[in-house]
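Following: one structure in structure tokens, then a few remarks.
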Amino acid sequence: ALKVNSTLEYLDLSCNKISDNGAKEIADALKVNSTLRELRLSRNKISDNGAKEIGDALKVNSTLEYLDLSCNKISDNGAKEIA
């Protein structure tokens with residue numbers, strides 16, 4: 001749904017145990033979504049692998065302005081993938 005949604009600007013999925021598999025699905029959607037401006041994914045057990053997927057998506061997404069990945073299992077290496 002996020003891939004084709006043309007109105008959603010804010011999405012808070014915090015505390016949903018999304019993990020890396022969910023992060024990959026969200027990343028795939030971010031690659032084609034052009035309306036989402038704020039995404040909150042705190043406390044979702046996302047690790048460096050999920051961070052890499054999101055980082056790759058951010059390379060092609062030009063609309064996301066705010067991303068919250070606090071309180072996940074992302075190390076310095078994972079953070080570099082997002083930066």
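The values are calculated or read from the model by the stated rules, or taken from the named source; none is laboratory data. Because the structure is a prediction, the values reported are computed rather than measured. Don't worry about glycine lacking a Cβ; one is built from the backbone with ideal geometry, like all the others, and counts go over all protein chains shown. Side chains included, ligands, DNA and RNA excluded: accessible areas come from the protein's heavy atoms. Shrake-Rupley method; radii C 1.70, N 1.55, O 1.52, S 1.80 Å.
Surface composition of the chain: carbon and sulfur make up 47 percent of the accessible area, probe 1.4 Å.
The C-alpha atoms of the chain define a longest principal axis, and helix 19-30 lies at about 30 degrees to it. Counting only protein heavy atoms and using a 1.4 Å probe, the accessible area of S47 comes to about 30 Å².
In angstrom, the C-alpha Rg and Dmax of segment 1-40 are 9.9, 26. Using a simple spin-label model with pseudo-atoms 7 Å out from Cα toward Cβ, L8 and S34 lie 1.8 nm apart. Per-residue accessible area (protein heavy atoms, 1.4 Å probe) orders D56, D76 as D76, D56, starting from the largest.
Summing Lys and Arg as +1 and Asp and Glu as -1 over all other residues whose Cβ lies under 9 Å from the Cβ of I54 gives a net charge of -1.
Taking only Cα atoms, what is the 0 to 90° angle, nearest 10, from helix 48-58's long axis to the longest principal axis of the chain? It is inclined by approximately 30 degrees. Between N21, N49, N61, the Gaussian network model of the chain with springs among Cα atoms under 10 angstrom shows the greatest mean-square fluctuation at N21.
Taking 22 Å as the straight-line reach from the Cα of K45, the lysines in range (excluding those fewer than 8 positions away in the same chain) are K17, K24, K31, K73, K80.
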